[in-house]
Amino acid sequence: KLIAYTEWRSLEQRDIWIANADGTDARQLTDGADEPSGLAWSPDGKTIAFRGAKQLWTVRLDEGVPRQFSTVEGEKCCVSFTADGKRLVFRVNRNGKRDVWWAPVEDGQGSALTSDGLSEYPRAAPTSTQVAYLRQAAAKTYEVRILDYSTGRDRVLVPPETLAKFGEFYALPPRWSRDSKYLFLSTRSGMLRLRTEGGAPEKFSFSTGLGPFEVSSDLKRILFQKLRAGSAELWLYDDLR
């Protein structure tokens, strides 16, 4: 029922705001946050994790005070909560080698989930022990993979030759459906819906463009960022069929 987003006050300052799903009752959550982006809700809806300029942070809705999350060295992004809310999953880039990491919310002491140096754009599932991510198979060529951190099983969901047919994908983590049965990936030819149990990708909707997006739990609405004339706005595409 709530939307979290980043609002730019100036080139030097941006903060997190919260609004109702219909855009009403917008209120500021943080004041002077560390350039927040890539917002992710906790499963209980009480905390938001985000990427800052150099670090990962969490902020509780009842406090509005960002807390540094992890001391893991390297450039970090693409943060999300595991389904039980106890860990955060994120990407770490160390000297050009990119891997998926996770760490307990309580102490932020991270460990790697992948070690090939080619893995990025992770997103933890909302109702299972899975993490979807993209792995670079060749120059400008990626495959979609799913890692189950409870069993260690790591499998290819969409091979690179199949994903390449839809054109370049935008540099964003995939999004899960609320029941963890589907993944959504934004490409230049449109948004793809991927069944997590396997099967051919399906064209789901138009391309949302370069900005982040979310798909509603009933799969009928897409919230996305639209860039135009040097500004960024939140848009809602309703009544998908």
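The values are calculated or read from the model by the stated rules, or taken from the named source; none is laboratory data. Treat the numbers as computed from the prediction; the structure is a model and nothing was measured. Counting neighbours? That spans all protein chains shown, and the Cβs are built from the backbone with ideal geometry, glycine included. Side chains are part of the model used for accessible areas, which takes the heavy atoms of the whole protein and leaves out ligands, DNA and RNA. Shrake-Rupley method; radii C 1.70, N 1.55, O 1.52, S 1.80 Å.
Can you pull out the residues in the stretch 153-162 that are among the charged types (D, E, K, R) and either on the phi > 0 side of the Ramachandran plot or surrounded by 13 or more Cβ atoms within 10 Å (Cβ to Cβ) (or both)?
Once the filter is applied, which keeps residues that are among the charged types (D, E, K, R) and either on the phi > 0 side of the Ramachandran plot or surrounded by 13 or more Cβ atoms within 10 Å (Cβ to Cβ) (or both), the stretch 153-162 yields only Asp154.
Could you tell me which of the residues Asp31, Asp84 is within 30 Å of Ala112 (Cβ to Cβ), in contact (Cβ under 8 Å) with a residue 24 or more places away in the chain and open to solvent by 30 Å² or more (accessible area, probe 1.4 Å)?
Criteria check complete, one pass: Asp84.
Out of everything in the stretch 75-108 that is outside any strand (DSSP E or B) and under 16 Å from Tyr149 (Cβ atoms), what residue ends up being modelled with the lowest pLDDT?
Val105
Could you please give the count of residues in the stretch 60-81 that are touching a residue at least 24 places away in the same chain (Cβ under 8 Å), farther than 15 Å from Arg123 by Cβ and surrounded by 14 or more Cβ atoms within 10 Å (Cβ to Cβ)?
6
Quick check on my filter: what residues within the stretch 114-152 are among the small types (Gly, Ala, Ser) and on the phi > 0 side of the Ramachandran plot?
Gly117, Gly152
Out of the residues in the stretch 115-143 that are under 15 Å from Gly96 (Cβ atoms) and assigned to a loop (DSSP other than H, G, I, E, B), which is least open to solvent (accessible area, probe 1.4 Å)?
Per the criteria, the residue is Gly117.
What single numbered condition from (1) in contact with a Cys (Cβ under 6 Å, 6 or more places away or on another chain); (2) over 18 Å from Tyr133 (Cα atoms); (3) not polar (S, T, N, Q) fails to hold for Arg51?
(2)
If you take the residues of the stretch 168-196 that are modelled with pLDDT under 90 and part of a loop (DSSP other than H, G, I, E, B), which of them is farthest from the chain's Cα centre (by Cα)?
Restricting to residues being modelled with pLDDT under 90 and part of a loop (DSSP other than H, G, I, E, B), the top hit is Ser189.
Where residues in the stretch 216-241 are open to solvent by less than 60 Å² (accessible area, probe 1.4 Å) and at pLDDT below 80, which of them is farthest from Phe184 (Cα to Cα)?
Among residues in the stretch 216-241 that are open to solvent by less than 60 Å² (accessible area, probe 1.4 Å) and at pLDDT below 80, the one farthest from Phe184 (Cα to Cα) is Ser231.
Need at least 2 residues that are farther than 28 Å from Gly108 by Cα per element, so show me which strands (runs of 3 or more DSSP E) inside the stretch 1-55 make the cut, counting only ones lying wholly within it.
Per the criteria, 14-20.
Which of the numbered conditions does Lys203 fail, given that it passes all the others? Conditions: (1) more than 19 Å from the chain's Cα centre (by Cα); (2) open to solvent by 70 Å² or more (accessible area, probe 1.4 Å); (3) within 18 Å of Arg145 (Cβ to Cβ); (4) touching a residue at least 12 places away in the same chain (Cβ under 8 Å).
Failed condition: (3).
For the stretch 165-198, which residues satisfy the criterion of being free of Cβ contacts under 8 Å to residues at least 12 places away in the same chain and open to solvent by 60 Å² or more (accessible area, probe 1.4 Å)?
Passing the criteria: only Lys165.
Can you tell me which of Gly152, Gly199 is of a type outside the set (Val, Ile, Thr) and either modelled with pLDDT under 85 or over 22 Å from Leu113 (Cα atoms) (or both)?
Selected residue: Gly199, the only one of Gly152, Gly199 that is of a type outside the set (Val, Ile, Thr) and either modelled with pLDDT under 85 or over 22 Å from Leu113 (Cα atoms) (or both).
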